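For reference, the structure discussed in these notes is given below.
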Amino acid sequence: MLNRILVASAVCLGILAVVVAAPAGKPSEPLKFPNSGFSIAPLDEMGQGTGQALIMFMPPSDGFAPNVNVQVQEFPGSMDDYRTLSLKQLGDMKLTIVSEQLVKGVFTMEYSGAMQGNDLHFCAKAVGRNGKVYLATAAAAEGQWKAVGAKLKACVDSFAPMAAEAPAKAAEE
């Protein structure tokens with residue numbers, strides 16, 4: 001079961017992205033999970049290139065844990081280029097596009113299909129900024145989507161890259 005969860009999460013990583021960033025020198029506020037009864041400070045480290053910034057899981061059922069992941073991807077092209085590339089990659093993987101649109105620089109899509117022997121359903125939101133694409137992607141087993149899809153979609157829809165702020169040192173000068 002864990003292998004199926006990890007494989008599905010890894011597949012999601014190859015498609016979508018986003019990061020929660022705090023200005024340099026300022027600690028990030030803790031992430032709060034009141035329904036689970038805890039809070040935790042985020043690991044807020046941004047490396048070079050493409051990176052996985054966050055993965056959140058819902059309780060597993062039928063061998064799969066629905067999840068949302070956020071990535072930051074280096075991408076120097078336009079969002080129309082990103083859309084074209086993403087749709088080609090999904091087509092190459094024989095996944096079915098349920099819906100997709102690019103409006104005001106925000107690319108959203110919903111798609112489904114078999115991956116590593118699992119029938120999965122996804123939704124994603126990608127926003128381009130400063131040579132990067134910030135991507136949030138949700139995944140659930142197709143049989144779970146009716147029960148958890150609205151929650152996953154609301155989570156992805158809430159995703160937004162933060163406005164760039166000057167580093168703390170530059171702000172002090």
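Which one, ALA163, GLN101, ALA147, is farthest towards the positive end of the dipole of the stretch 64-173 when Lys and Arg carry +1 and Asp and Glu -1 on their Cβ?
ALA147
What value does the stretch 53-117 have for Rg/Rh, both radii from Cα atoms and Rh as Kirkwood defines it?
Computed over Cα atoms, the ratio is 1.01.
With a sphere of radius 9 Å drawn around the Cβ of GLU110, what net charge do the other residues whose Cβ falls strictly inside it have (Lys, Arg +1; Asp, Glu -1)?
Here the count lands on 0.
Using the Cα centre as the reference, give the magnitude of the dipole from point charges on the C-beta atoms of the stretch 56-112 (Lys, Arg: +1; Asp, Glu: -1; all else neutral), rounded to the nearest 20 debye.
Dipole about the Cα centre, nearest 20: 60 debye.
Any read-out appearing in this document is the output of simple, stated calculations on the displayed coordinates, not a laboratory observation. Everything quoted here is computed from the prediction, not taken from an experiment. Cβ sites come from the backbone with ideal geometry, for glycine too, and all protein chains shown count toward neighbours.
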